[in-house]
1. After finding the eigenvalues of the alpha carbon gyration tensor for the protein assembly as shown, what semi-axes result from the square roots of 5 times each, listed largest first in whole Å?
2. Quickly work out the residue A:446-to-residue A:45 label distance, labels modelled 7 Å from Cα along the C-beta direction, and quote it in nm with one decimal.
3. Per residue of A:481-487, count partner chain C-beta atoms within 10 Å of its C-beta, then hand back the mean as an integer.
4. Using the beta-carbon distance between residue A:65 and residue A:495 and R0 = 60 Å, what value does 1/(1 + (r/R0)^6) give for FRET efficiency, to the nearest 0.05?
5. Calculate for chain A the 222 nm mean residue ellipticity that helices alone would give, adding -39,500 (n - 2.57) per DSSP H run of length 4 or more and normalising by residue count, nearest 500 deg cm²/dmol.
6. Given the peptides A:620-632, A:811-823, A:274-286, arrange them by the average over their residues of other C-beta atoms within 10 Å, most packed first.
7. Please compute, for peptide A:884-890, the average count of beta-carbon atoms on other protein chains lying within 10 Å of each residue's beta-carbon.
8. Assuming R0 = 60 Å, can you tell me the calculated FRET efficiency for the pair residue B:127 and residue A:879, based on Cβ-Cβ distance, to the nearest 0.05?
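No lab work stands behind these numbers, since they all come straight from the coordinates. Keep in mind that what you see is a predicted model, and the values were worked out from it rather than measured. Cβ sites come from the backbone with ideal geometry, for glycine too, and all protein chains shown count toward neighbours.
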């Protein structure tokens, strides 16, 4: 098997041979000589002696002299030594040519001018595409294959494959595979391009077309992407111009954006149009007027229910373990369901199958380490782990989201002797990823993926007992912690049934928990001197389990038609338990739901220009016992080389809701409840989306509009009544149901190439809800923002990357008290209430902030990037952005206090990579 | 580089216009609720009727109650007859014939204020039945005393087959308050508890913040009174605030009927 693969590699990756040959020459030959000459002469000698192609600027290098005695040193070491001495780098291209660079950005220039005196001819001619060896013998056949990274063997998704001089073109799927039908002849040339890689060309022949092609791509020098590939962008963040509402993220480039503590994939999406950027307290995606719980987050096939760390400031995904991420902003394919708004699909890395590689990222917030280990020839292992440490940056963010600026009710007489205890809670988050990839044979791959993440705040302590009580009190321990997190895992079986039919079958498990325990326990001596134990406080637990199996099939019938279909079966269980004083169970809800269904979708390309994608999804949901049908449709039409029109529509259902229990002092807590036949209806949305994009080599202008209707929305409040001394509290759960709509327009202007890249994004949006409990009119939804403007600017200067991100959005809506009134109660006390404004009638001040960052690339002498050092400044001009307002009655008057988001915060990061 | 400006410009313009035009259509809800009168009226069988009407207070007002509204004509109807209340002091309107209130009748308050026709309706619930206490008193220690804080030391009970709303009101009859514990901070000597439609309520170490003689009053109340016990002013933020439920139409506050039964209880 292995031999066969090797053979394939050798046969197919014709051009990669040249690079490897050059490397071999550099490694296997040894120099034993004394050199004293200009540098260009030294390189001339190397080229002639060892049959190398070396490209450099003779004028510059002629001025540099070397005086060096090499004692049995490899050519590679000698070259490295010399380059190091003069601050140069060498870089081997896929065609085997060695470039001597003063700066990494010189590569493009050297490539263009490598003629005449500048270039030293060696033994091998630079790679030209071989001519056909024999006349074509096969016609109109199908080729399939895989595109992988030459260094790590990691499959490359979204690489574009085309047959030269034809309209045949396709892109690789997430697993790097592709298929092309009706290839005219076996002398055609396959061209492969992918961002961050050097383009490849392969001449087909009678032999190659018999087996799947394995195309290895060489990484491009970490520099500007000068190669223009139509329809393929190389930035951190891209839109798919052929589809409506699709965003793609390249995690490897995330360090070019400002970050506060962690490279954050979900935060990065917030820089694009249609994804709200001003919710510092939620890294979940507010997409097109939707809420984070309406966004399905799928990681390697399993659903992630808690996408945040640290009260929402960071997302729960380690970018080092992630290969690629797509965000579907709406109108998405029938492959996905169960959410009203959007889908975030995250795929983990397969890992380096050639050699072990390691990396570590350090920041003021956390340490993040990963390893990619080839276990044997068939399998690879990826491990990634990060953990925060409670430094000043962590504490700053923690305090921001954990305590309000106003301290509790107060008033005279508050607090007992000694006053309240001053304590600092211990708090941290961590997450870990494990991914094991096992290639059973050439048609079967098994992947096991495991994700675990948790946030914990612990303020448990033993109470200091005052000396005058030590005789009667033995011990009092206060338990005070909040823990929440996820555990998810999947086993995926990829099976290629034939050249054009393959399937992915998953067994998935995902669990979420959110526990809070605030209780006091201890023992005291009674009047007889016998110890008596006591316990009091609240224990609140919410958990969710999701076990499922699903199978997704693809049948690529021909170049014009693909058929995707599949089925799924899930059991979800939720448990919500609220116990007070160990005895009184205030809430105990345990629910479970079986659901199952299937989907089918046709991907039709009747002409080169038109793409149609009709689909349908059927879901049977146990608790309601009903079948839900979701028709979907999307289409795109290429008007000409620059313009694309696109549209999508569909119906979407959601069978569970994330509800927020507000807790100002301890941070809001989220948990999940399943839809049922009574108070939580099944949510339903309809999407209508359309857009046009205009794209040139340099620029992209993308305009999309959307309109969504929503019904079966649920708002939940949990109220604690009887907050009187000594009483047993009662919890009142109120479920309010309503409808809503969201509409908007998004404009993106992106500059894709050059030293300066970046984009400007503008979103005009409106999201309104109507809940009978708040009246008969629509009111602005909590996430409603009218205007949002974002500008992301990145400047590349040799080994430096600078970025500036400025965000502006009009204020979020809020509700305010207008007047107060006081009523006497039966016990002779009084109660004061507010008369409040219309629901969300007022607006908080506009949100804006500027983030800056600078990153310096650390390069090896051979031009490979080994890490970076970066500084990020968050909210540079320290603008006070209001999160919400708090109201309190003090001395009969109402006092409003702003609770603000984070002010100016700097961060340093260091990333290192080893192979 | 050549950019064909016109087609994109036109499309953009069209789309933007379409959305903007649509977005401008907005329901404007003017909030005149701040002018509504505050009504406080408790109808108790065997007692004279007193209804207080005040204005709402601006947020910075430190007075306990708002400015009384004088010169109103308040009527209460029991379905067959209507009485008119007289203003005894500024903003306080009374009717002293206690025979007007009887169990099971629906009482409707009506008056006009500014341009508002203010009204409220309530039903007189039945008197509590079989209100008893297990012990006539109980002894408590301070926090670190001999009792487990959760032990039930006494139970009061009553008949409640229909799970009606009841509240327990505790009036400390001693003029001077003796705190049982410093734990309760600024707890008041008199307090009330919602019994959550139960037929009994357990007293624990923590039920009382002060020692002394108590008058324990069990009241059958309507839901509007239960709603009053939770104020929208406690723990409220701009993201969770909503209006306090009220049974007063074109007004805020409460107009509710109730009946009571009383026990004596000693906490030592």
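1. 69, 33, 27
2. 5.8
3. For peptide A:481-487, the averaged partner shielding equals 0.
4. 0.45
5. Computed ellipticity for chain A at 222 nm equals -2500 deg cm²/dmol.
6. Sorting A:620-632, A:811-823, A:274-286 by mean packing, highest first, produces A:274-286, A:811-823, A:620-632.
7. Per residue, the average neighbour count from other chains is 5.
8. 0.45
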